[in-house]
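Single-structure report; data block below.
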Amino acid sequence: MKVLMSGNEAVARGAYEAGVRFAAAYPGTPSTEILEEFSKYDGVYAEWSPNEKVAVEVAIGAALAGAKAMAVMKHVGVNVAADPIFTVSYTGTNGALVIITADDPSMHSSQNEQDNRHYARFAKIPMLEPSDAQEAKEYIKLAFAISEEFDTPVFLRSTTRVSHSKSIVTLSEPEPYIDKTALIFNAEKYVMVPHCARLRRVEVEKRQYKLKDFAETFPENKMEIQNADVGIITAGMPYNYAKEVFPDYSYLKLGMVYPLPEKLIRDFASRVKKIYVIEELDPFLEDQIKALGIQVIGKEIFPYTNEFDPGVIRKAVLKEGLPAVAYPERLSPRPPNLCPGCPHRALFYALKKQKAFVHGDIGCYTLSYMKPLEGMHSCICMGASIGMTHGMSKAMKEKGKGKVVGVIGDSTFLHSGITSLMNMAYNQSDALVIILDNSTTAMTGMQEHPGTGFTLMGNETKKVNLKELTSALGIENIRIIDPFDQKETQKAIKEELAKSGPSVIISQSPCVLFKRTAKKPKPALKVDAGKCEGCRACLDLNCPAIFWKKGIKKEGSRRAGIAHIDETLCNGCSLCAQICKFKAID
């Protein structure tokens, strides 16, 4: 049967067809849908773990018990999970373990665009990279087969365009599930104290030699000899782009991007006159091929940054004088914005009034850095806001030098903010942390987390009480607010900033899009044209429902327009009404 699937859906299907019944992840674009789709299959266990490190450790435990296990995350999640990943490369897996890294060239929803192919080389773990949904389904199956054959974890790398674009996928019957789980006692293999780790380090190198030989005959490393004047070495989605622009040239398409098939690359080089290496981000393939003594053209003409498309490749190669198929220009970009009625907008509007330096974190609320809210002044990675707030407060020593605030979402706090808040209490920061509790992991699509009371599988479970947890970490000054009560919110922020020692405000209001906990929308508000003085204060909220109508002149006023509310977008949150000095909104 053939169906239309995204790359993420295809990975989930391929894992199920391969007999995988165990998976763990932390949601992160562009990887999120993989586990959501996998959880829908019969007889599987899938969980949202509190963070990527935990997800990998959970999957390792299942693999050591003999299961086929999968851990899923976006590219920056591998940073969080790197500690166990590097060591499980030494121990091996017993069952099978595949780690999916969904990279994000162009940073569509990320704070960097690191190239995670380097992790494969660094950790000495083989990596496969599909170029479309059909390959995504097949490659995940191949990844599990390689893991079982070589007793190694395996990376499967996708990129945003592979993860989210759709193509035709041919489904296969799933393998019959066979429960092979059992306790295997082998301390020398699995206890990585120095003595055992030194022995396993040797085994890793032996495995590398075997994998290099395997790469030479790996069927997804494909040579396509056509016009021998030009040869292109590529992998993943850039293969599709290159084929669209240069359909008649020769290709070496690599399905396994680490380790590389050195003999196959030399063979290909001997068959063509000139070689281009087309790859997004770093010269990962290019540098290794040049190290073989093979002359290729790569980053001299292709950009280091952002994802490619046929137009990018065509523009780069046209400089070389090669003919190429025409490709249309890009569409104009559209900036993101917080939703109408978003509780984060209310919080950051109040926070801006205090003129504090705000260390932000990863979530929808990161969008508050933009004008006109301008409510965030730093953002590094998940969980960093609290540690950075503590560091800045200690460096400045006195609150009088400036107000410092750390802002973090509920899911992000449980992901990697707990230990930093404990550190603030332990080392007594004079700073304020605000936890934005909207009852979900909103930015990646409303996933559950330990603070929602429900699991990925839909089961009701223990719910973390953020106030009690914060208190247990040693914070004494704690208060809960509703951000849509602007008077109380501004008062609470001002008072907590004035106190000595660490303080926490929990801003509680559910995401407007989350059905289970979201408040029922109130009637849309309207602007009274007779009362509006055109002060534009409501526009400072940057709410998509509010816009400016030009050309309306009020007698006795200098204004040349009034505010207007789109009733199809407004959900009646009342924030704009609270800040209107002329009571023109109701």
* Structure fact -> Listed by chain and number, the residues whose amide H is under 5 Å from that of Gly406, excluding neighbours fewer than 5 places away on the same chain and using placed H, are His359, Leu432, Val433, Ile434
* Structure fact -> Projecting the Cα atoms of Met192, Ser385, Ala24 onto the charge dipole of the chain, where Lys and Arg contribute +1 and Asp and Glu -1 at Cβ, the residue farthest towards the positive end is Ser385
* To do: Show me 51-58, 568-575, 494-501, 193-200 ranked by packing, highest mean number of other Cβ atoms within 10 Å first.
  => 51-58, 568-575, 494-501, 193-200
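In debye, nearest 20, what is the charge dipole magnitude of the range 253-304 about its Cα centre with +1 on Lys and Arg Cβ and -1 on Asp and Glu Cβ, if you could check?
Approximately 360 debye in magnitude.
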* Asked: Which of the peptides 521-531, 343-353, 260-270 is most tightly packed, and how do the rest follow, going by the mean number of other Cβ atoms within 10 Å of each residue?
  -> 343-353, 260-270, 521-531
* To do: Pop out the ³J(HN,Hα) list for the range 423-436 in order, Karplus 6.51 cos²θ - 1.76 cosθ + 1.60 with θ = phi - 60°, rounded to Hz; leave Gly and Pro as x.
  => 5, 4, 5, 5, 9, 6, 6, 9, 7, 10, 10, 10, 9, 8
* Linear extension gain, Glu495 paired with Asn427, 0.36 nm per residue minus alpha-carbon span -> 22.4 nm
* Asked: What's the center-to-center distance, using Cα atoms, between the range 411-451 and the range 241-296 in Å?
  -> 45
* Between rounded, prolate and oblate, where does the range 435-489 land on the alpha carbon gyration tensor, with a ≥ b ≥ c its root eigenvalues, rounded for a/c under 1.5, else prolate if a/b exceeds b/c? -> oblate
* Apply the Karplus parameterisation 6.51 cos²θ - 1.76 cosθ + 1.60, with θ equal to phi minus 60°, to every residue of the range 283-295 and state each ³J(HN,Hα) to the nearest whole Hz, in sequence, with x for glycine and proline. => x, 5, 6, 4, 4, 5, 5, 5, 5, 7, x, 9, 7
* Bridge type composition, the chain - antiparallel percent by DSSP, nearest 5 -> 25
* To do: Using just the helices of the chain, give the 222 nm mean residue ellipticity in deg cm²/dmol: DSSP H runs with n ≥ 4 each add -39,500 (n - 2.57), and the total is spread over all residues, rounded to 500.
  => -10500 deg cm²/dmol
* **log₁₀ of I(q)/I(0) at q = 0.06, 0.07, 0.11 Å⁻¹ - the chain, Debye sum with one point per alpha carbon** => -0.38, -0.51, -1.09
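Before anything else, pin down the relative contact order of the range 201-331: Cα pairs under 8 Å, at least 6 apart, normalised by residue count, whole percent. Walk me through the numbers on the way to the answer.
Values: 191 pairs, mean separation 32.6, N = 131.
Across the range 201-331, relative contact order equals 25 percent.
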* To do: Calculate the length of the line joining the C-alpha centroid of the range 40-84 to that of the range 161-199, in whole Å.
  => 10
* In degrees between 0 and 90, to the nearest 10, how far off the longest principal axis of the chain does helix 75-91 point, with axes built from Cα atoms? -> 40
* Asked: Rounded if a/c is under 1.5, else prolate if a/b beats b/c, else oblate: with a ≥ b ≥ c from the C-alpha gyration tensor eigenvalues square-rooted, which is the range 321-473?
  -> oblate
* To do: Mind listing the long-range amide H neighbours of Ala69? Cut-off is under 5 Å, sequence gap 5 or more, other chains count too, H placed in the peptide plane at 1.01 Å from N.
  => Ala96, Leu97, Val98
* Residue among Pro176, Gly298, Ile99 farthest towards the positive dipole end of the chain, charges placed on Cβ -> Gly298
* Asked: Rounded, prolate or oblate: which fits the range 1-148 when a ≥ b ≥ c are the square roots of the eigenvalues of the alpha-carbon gyration tensor, with rounded for a/c under 1.5 and prolate only if a/b beats b/c?
  -> rounded
* Structure fact -> With +1 on the Cβ of every Lys and Arg and -1 on the Cβ of every Asp and Glu, the dipole magnitude of the chain about its Cα centre, in debye rounded to the nearest 20, is 2240
* Pop out the carbon and sulfur fraction of the accessible area of the chain as a percent, whole number, probe 1.4 Å. => 54
* Asked: Relative contact order for the chain using alpha-carbon pairs under 8 Å, separation at least 6, rounded to a whole percent?
  -> 11
* Asked: Residue farthest toward the positive end of the dipole of the range 430-586, with Cβ of Lys/Arg at +1 and Asp/Glu at -1: which of Ala545, Ala584, Thr455?
  -> Ala584
* Structure fact -> The ³J(HN,Hα) series, computed from each phi in the range 463-473 with the Karplus coefficients 6.51, -1.76 and 1.60 at θ = phi - 60°, rounded to the nearest Hz and given as x for glycine or proline, is 10, 5, 8, 5, 5, 5, 5, 4, 5, 5, 6
* **Dipole magnitude (debye, nearest 20) for the range 116-202, charges at Cβ of Lys, Arg, Asp, Glu** => 580
* Asked: What order, most packed first, do the peptides 112-121, 221-230 have when packing is the mean number of other Cβ atoms within 10 Å of each residue?
  -> 112-121, 221-230
* May I ask you to derive the relative contact order of the range 285-399, considering only C-alpha pairs under 8 Å and at least 6 residues apart, and to give it as an integer percent? => 15
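The values are calculated or read from the model by the stated rules, or taken from the named source; none is laboratory data. Quantities reported herein were computed from a predicted structural model and do not represent experimental measurements. FYI the Cβ positions are ideal-geometry reconstructions off the backbone, even for glycines, and counts take in every protein chain you see. Protein only, heavy atoms only, side chains kept; ligands, DNA and RNA dropped before computing areas. Shrake-Rupley method; radii C 1.70, N 1.55, O 1.52, S 1.80 Å.
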